[in-house]
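What follows is a short report on a single structure.
The values are calculated or read from the model by the stated rules, or taken from the named source; none is laboratory data. The structure displayed is predicted, hence computed values, not measured ones. Quick reminder, even Gly has a Cβ in these numbers, built from the backbone with ideal geometry, and neighbours come from all protein chains shown. Accessible surface areas use protein heavy atoms only, side chains included; no ligands, DNA or RNA. Shrake-Rupley method; radii C 1.70, N 1.55, O 1.52, S 1.80 Å.
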Amino acid sequence: MKQVLLYAPVYHAGHRRLFAEHADAAEVLLLGEGFAEQFPAMRKEIRALAAGTVARLVTLEHGVAARVVQPDDLPDALTGDVVVVPDEAVTRALAQQHAGVPWRFERTFLRWDRPWATEERPAQASAAATTDPVHVALMQRTVAVGDRSSDWWRQVGALAARGGEVLATAHNRHQPTEYAPYVSGDPRNEFSRGLRADLSTAIHAEASLVGQAAAGAFDTAGADLYVSAFPCPACAYLVAEARFARCFFRGSYAVLDAEQILAGAGVELVWVDLSAPS
């Protein structure tokens, strides 16, 4: 039996897509208001519908049994052979608490960003290129980390490593909750990719990594940085000041003088070719 479990303060296109993709689910479990004790950000969700209201909407549209569960109900409610959940902070925390459950993580939100350019080349011919399996594997992990982002404009992952060993990972995310851009909309919607990258309600993945390092998680000096997209100018300054030795990137896209900032600081730029046969 398949179950779908999620926190749904609103009901939008991403949720409809999730339910449509799992139309064979026997039951939908919606996290009730009692989980706000564990996840205080739920109290700040000004748009939130009552969980019971969302349950009725789901049943009405999809014809699947939907019910609200509270923290005390959850252990007994998780009876599925597979429990599908959106890959986000709340469900990741619950999965850690209930390790024996057969969790299956899925993306929640529709990605409304424009497609990446199909031709992948280094940002400039001066950048090195690599198909080394170690770098490819770390970049693939970086891309997977970026997939966790709820930013429907652009999902970006970042990873710090030293000697091939992972020090920390991060993805672009919103505060105080991953649902923040859906309160008043995302200001990025008004701009084409690359224009006014500073106008964002999300912390960029690279900035999040530097923040972790500033808090004492690891030392950036001489470390390698992997990013699933070329850093924006603001992040390029942070990467340069943090004294990363190398910046491995994917894609063909650099904004304004970001590349010059990194190169001028002595950061070696390396394009990772994910299209080469492994």
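Among residues that are closer than 17 Å to Ala170 by Cα, hydrophobic (A, V, I, L, M, F, W, C) and surrounded by fewer than 18 Cβ atoms within 10 Å (Cβ to Cβ), Ala205 is not included.
Screening Ala170 against (1) modelled with pLDDT under 95; (2) outside any loop (DSSP other than H, G, I, E, B) leaves a single unmet condition, (1). Looking across region 155-177, the residues that are more than 21 Å from Ala213 (Cβ to Cβ) and either of a type in the set (S, T, N, Q) or within 9 Å of the chain's Cα centre (by Cα) (or both) come down to Gln155, Thr177. State yes or no: is Tyr182 over 30 Å from Pro40 (Cα atoms), at pLDDT below 90 and assigned by the TED database to the domain that holds Ala127? Answer is no for this residue.
The residues of region 43-76 that are touching a residue at least 60 places away in the same chain (Cβ under 8 Å) and part of a helix (DSSP H, G or I) amount to a single one, Lys44. Within region 28-42, the set of residues being assigned to a loop (DSSP other than H, G, I, E, B) and surrounded by 14 or more Cβ atoms within 10 Å (Cβ to Cβ) comprises Gly32, Phe39.
None of Ala129, Ala160, Ala144 is crowded, with 19+ Cβ neighbours inside 10 Å, on the phi < 0 side of the Ramachandran plot and outside any loop (DSSP other than H, G, I, E, B) except Ala160.
Any chance you could count how many residues in region 218-239 are modelled with pLDDT of 95 or more, open to solvent by 10 Å² or more (accessible area, probe 1.4 Å) and in a loop (DSSP other than H, G, I, E, B)? Count: 5.
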